[in-house]
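Novice: I'd like to ask you about the structure that follows.
The values are calculated or read from the model by the stated rules, or taken from the named source; none is laboratory data. From a predicted model like this one, the values you see are computed outputs, not experimental measurements. Please note: Cβ atoms are built from the backbone with ideal geometry, for glycine as well, and neighbour counts cover all protein chains shown. Heavy atoms of the whole protein, side chains included, go into the accessibility calculation; ligands, DNA and RNA do not. Shrake-Rupley method; radii C 1.70, N 1.55, O 1.52, S 1.80 Å.
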Amino acid sequence: IDINQANDRVDKVKMYSDMVVASPDYQINYFMMSVVAAIFPDFILRVILNSKHATMAVSNLPGPNFTIKINGLIFNSVGFFIPNIGQTAVGLTILSYDNKLHFGMMSDETAIDSEEDLGIIINGLISELYEMAEKLLK
């Protein structure tokens with residue numbers, strides 16, 4: 001999206017996100033992940049969910065904006081990874097927790113062959129987010 005004003009850019013992203021959420025593809029995927037995945041055993045899910053059509057999967061999980069304690073121990077850093085299903089080459093996860101964003105990325109080595117390259121990609125993503133935040137806060 002090439003828009004000069006940061007607020008217009010965010011509005012445009014929201015508009016496209018709303019379109020995706022309303023799409024039948026999204027609704028079917030949501031149903032598959034929330035209902036079907038809870039009902040069927042693993043060997044059936046592997047057949048149903050095997051996809052050769054996606055090269056990258058992105059998951060955004062909103063977490064609590066406060067620190068969690070269990071048995072007096074504080075969770076300082078939290079992360080998760082989406083399962084590498086079928087032929088998906090790259091998985092990017094975004095988790096908000098304690099007013100911070102946590103990123104995770106995994107890749108098939110045929111797509112991105114080194115941890116250093118994954119780090120470069122994540123650092124570039126973080127730089128872009130900082131730049132966008134600066135524009136929004138002006």
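Novice: Using a 1.4 angstrom probe and counting only protein chains, how large is the accessible area of I44 in Å², to 10?
Specialist: The value for I44 is about 50 Å².
Novice: On the Cα set of segment 97-138, report Rg and Dmax in Å, please.
Specialist: Calculated on Cα positions, Rg and Dmax stand at 13.1, 41 Å.
Novice: Take every Cα pair under 8 Å in segment 27-128 that's 6+ residues apart, average their separations, divide by the length, and report that relative contact order as a whole percent. Mind showing how you got there, number by number?
Specialist: Values: 130 pairs, mean separation 23.9, N = 102.
It rounds to 23 percent for segment 27-128.
Novice: A further question follows. F75: net charge of surrounding residues, Cβ under 15 Å, Lys/Arg +1, Asp/Glu -1, itself excluded?
Specialist: On the way: positive: K69, K100; negative: D98.
Taking every other residue near F75 into account, the sum is +1.
Novice: Note down the nm distance, to one decimal, between modelled labels 7 Å out along Cα→Cβ at M132 and at D108.
Specialist: 2.7 nm
Novice: Still on this model: If you fit an axis through the alpha-carbon atoms of helix 6-22 and take the longest principal axis of the Cα set of the chain, what angle between them do you get, 0 to 90°, nearest 10?
Specialist: Approximately 20 degrees, to the nearest ten.
Novice: Taking 7 Å along the Cα-to-C-beta vector as the label spot, tell me the D25-K69 distance in nanometres, rounded to one decimal.
Specialist: Once both label points are built, they end up 4.6 nm from each other.
Novice: Another question about this same structure. Solvent-accessible area of Y30, probe 1.4 Å, all protein chains present, reported in Å² to the nearest ten, please.
Specialist: Number for this one is 130 Å².
Novice: Okay, moving on. Counting only heavy atoms of the protein chains, get the accessible area per residue of the chain (1.4 Å probe) and round it to a whole Å² value.
Specialist: Values: 10700 Å² over 138 residues.
Per-residue value: 78 Å².
Novice: Share of antiparallel DSSP beta bridges in the chain, in percent to the nearest 5? It would help to have the intermediate numbers written out before the result.
Specialist: On the way: 10 of 17 bridges.
Of those bridges, close to 60 percent are antiparallel.
Novice: Here's something else I'd like to know. Can you pull the Kirkwood radius for the chain, inverse mean 1/r over Cα pairs, to one decimal in Å?
Specialist: Working: mean 1/r = 0.0563 Å⁻¹.
So the Kirkwood estimate lands at 17.8 Å.
Novice: Leaving ligands, DNA and RNA out of it, work out the accessible area of S77 with a 1.4 Å probe and give it in Å² to the nearest 10.
Specialist: Per-residue accessible area (S77): approximately 90 Å².
Novice: May I ask you to compute the full-extension gain from K14 to M33, defined as 0.36 nm times their residue separation minus their alpha-carbon distance, rounded to one decimal in nm? Write down the numbers at each step before the final one.
Specialist: Numbers: separation 19, 0.36 × 19 = 6.84 nm, distance 2.28 nm.
Full extension from K14 to M33 adds 4.6 nm.
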